1. Calculate one ³J(HN,Hα) per residue across segment 56-72 by plugging θ = phi - 60° into the Karplus curve 6.51 cos²θ - 1.76 cosθ + 1.60, and present them in order as whole Hz with x for glycine and proline.
2. Which value at 222 nm does the chain reach when only helices count, each DSSP H run of 4 or more adding -39,500 (n - 2.57), with the total divided by all residues and rounded to the nearest 500 deg cm²/dmol?
3. Label segment 381-431 by shape, choosing from rounded, prolate and oblate, from the square roots a ≥ b ≥ c of the eigenvalues of the Cα gyration tensor; if a/c is under 1.5 it is rounded, and otherwise prolate applies when a/b is larger than b/c, oblate when it is not.
4. Pull up all non-local amide H partners of residue 91: gap of 5 or more, or a different chain, and H-to-H distance under 5 Å with H placed in the peptide plane.
5. Let me spell out the model: positive unit charges on the Cβ of Lys and Arg, negative unit charges on the Cβ of Asp and Glu, origin at the Cα centre of the chain. What dipole size does that give, in debye rounded to 20?
6. Can you give me the Kirkwood hydrodynamic radius for segment 300-449, using every pair of distinct Cα atoms, in Å to one decimal?
7. Heads up, I need the accessible area for residue 192: 1.4 angstrom probe, whole protein in place, Å², nearest 10.
8. Mind listing the phi-derived Karplus ³J(HN,Hα) values for segment 127-139, rounded to whole Hz, using 6.51, -1.76 and 1.60 with θ = phi - 60°, and x for any glycine or proline?
Amino acid sequence: MGKRSTAALIVALMAGSLVTGMPGPRAQAEGSGTGGPSPSGSPRTPGVDLDRVTIPELQRRMADGSLTSSALTTAYLRRIEAVNPRIHAVLRTDPTALRQAAASDARHRRGETRGPLDGIPVLLKDNVNTRDMPTTAGSLALAGAPPDADAALVTRLRDAGAVVLGKTNLSEWANFRAAKPTSGWSAVGGQTHNPYVLDRNPCGSSSGSAAALAASLAQVAIGTETDGSIVCPAGMNGVVGHKPSRGLVSQAGVVPISAEQDTAGPMARNVTDAALTLSVLSGGEAMGPGGSHDLMDRPAHPGDLRGRRIGLWRLPSLGPQVDAVMTRTAEKLRTAGAEVVEVTLPHQERLAELEYPTLLSEFHRDIDAYLATRQGPRNLAELIEFNRTHPAERTCFSGQELFEQALVAPPTTSREYRAARAELKSLSRRSIDETMAAHHLDAIASPTNPPAWTTDCARGDNDVIPSSTPAAVAGYPSLSVPAGFVGQLPVGVLLMAGDHQDARLLRLGAAVEHRLDAWRAPRYLPSVGPGM
């Protein structure tokens, strides 16, 4: 997605948010003029409902002087102080956050703002390098000195005027250590809890980023994904997560699993904010003019799905309750004018056979290269030994089977590896491309996640979730938006499209989000709200 198409996307989404109210702040929050919690327990700065407000609305308020970044940042810092002890989503806050906010306020007063993220508080997953804060990937092995430089994406956020609010907990080593890990646990941060029901899992590995957004601890957050680690936490915590096309966001300075599949991406409470954040992460001119007929050839109303064809991939293995959510989703999309056709993606069993053996080879190569840039263990063999000799690394689960398997996996120079990766790329792309072509689809929709399982260190995760794999292996974009609930537990709908169709997917996602209306649900339930 180039700068022109990104700019057109932002113009379209902002117009939809400001004109139609999708998914803008609740009317009663506007002009309230008082601080403190709302009747539902949600946090407020004067006239701003942090559970619902979008970046365009915040920028309008900062432009007219009725809100400052300093006030917004203070509200989020106080919210973290009040709520985070219950959910353990944020590892640390940046001590310079208020200075960053004050600098943004000065730019706003001078009329010299740098774009839509200027003054907006952002949390970073703690596998994204920051020069002034530790970057640990959840491991005590990296808990010493910070990296020498920011990740490339952090540089872009800082250049855009974003307030780096702090770092979020994650599944240690992005869930690529043990054969049966517990998502949301790390030796550095302990266990992140799902804010909707505290004994339920937040999914991994961007668990802290998703849980923080669900509990309104920041406006947006950054996650990373190799297969499911943005979209599953987004679905399970009732927020939006966008896994961009591979290569759209620089991975320089991000703790790796696989250069062939890894990507960082935006997480937010609504699609508009995710799109604005992507425009910065990808280097697009977020607020500039631009014209892309690919984006502007549809009616501007974000809820209009007339003429769109969406393939429904049901995945009954996730259970009848989730399937019922998908049935209701399909009905709402049809009511909005979309044609929904049921599809089955081919080649999934073979993808499952090939993916992890291939990732093992890539992890050994890529983690050795990363560790060579940091203090601590200098390669995978030393990292394995570190875990063996540090009991704190085994307080939830003891295994490091994936590390040990990666150490002896075929090298990425081998014929065996090259054949497997080539087959993976071909089959994953064909599974999406051929399905979309055969049914003339704009996107494929599937359930993002099952209802959150109970967190249990002894048992580990219950997370056989196949919906993320085709796009993750192909390097294609995917987007999870809230679809509904099973009891108190959120379920997302995952939208997939072809290579570098991020702009089209986000535009479609905004329309789907508007029709499903699940974003209007409380962002945290009484398990978190009372008594704080």
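1. Values per residue, Gly and Pro as x: x, 5, 4, 5, 4, 5, 5, 5, 8, x, 7, 8, 10, 4, 4, 5, 5 Hz.
2. Counting only the DSSP helices, I get -12000 deg cm²/dmol.
3. Oblate shape, in that a/c is at least 1.5 and b/c is the bigger or equal ratio.
4. Long-range HN contacts for residue 91: 167, 168, 169.
5. Using Cβ point charges on Lys, Arg, Asp and Glu, the chain gives about 1020 debye.
6. So the Kirkwood estimate lands at 19.0 Å.
7. Counting only protein heavy atoms, the figure is 0 Å².
8. Karplus values, whole Hz, x for Gly and Pro: 10, 10, 4, 10, 6, 10, 9, x, 10, 10, 6, x, 9.
The values are calculated or read from the model by the stated rules, or taken from the named source; none is laboratory data. A quick note: this is a predicted structure, and the numbers were derived from the prediction, not measured. Counting neighbours? That spans all protein chains shown, and the Cβs are built from the backbone with ideal geometry, glycine included. Calculation scope for accessible area: heavy atoms of the full protein, side chains included, ligands and nucleic acids excluded. Shrake-Rupley method; radii C 1.70, N 1.55, O 1.52, S 1.80 Å.
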